[in-house]
Amino acid sequence: MAKIYSEQSNTPKKQNFKMKPKEQTISFILNYSKALSVISYKNLKFEALQN
């Protein structure tokens, strides 16, 4: 169920380790955030996915 969403860089040191997310992952997150609507009513928050 777990997926690897990034490709490892070629540097073995942890200091220089940089995450390189895949283009598909970036696209998925951006599209999801565009479709997500959060509605606040009194002390409640409702999340609606507008697809």
One residue is enough: does the range 5-13 have a residue meeting the conditions modelled with pLDDT of 65 or more, among the charged types (D, E, K, R) and loosely packed, with under 10 Cβ neighbours inside 10 Å?
no
Within the range 33-44, is there a residue that is part of a helix (DSSP H, G or I), surrounded by fewer than 10 Cβ atoms within 10 Å (Cβ to Cβ) and at pLDDT 90 or above?
no
For the range 20-33, pairs from a residue that is over 16 Å from residue 48 (Cα atoms) to a residue that is modelled with pLDDT under 90 and among the charged types (D, E, K, R), with Cβ under 6 Å and 6 or more apart or across chains, are 20/7
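The values are calculated or read from the model by the stated rules, or taken from the named source; none is laboratory data. It should be emphasised that the depicted structure is a prediction, and the values quoted were computed from it without experimental measurement. Cβ atoms come from the backbone with ideal geometry, glycine included; neighbour counts cover every protein chain shown.
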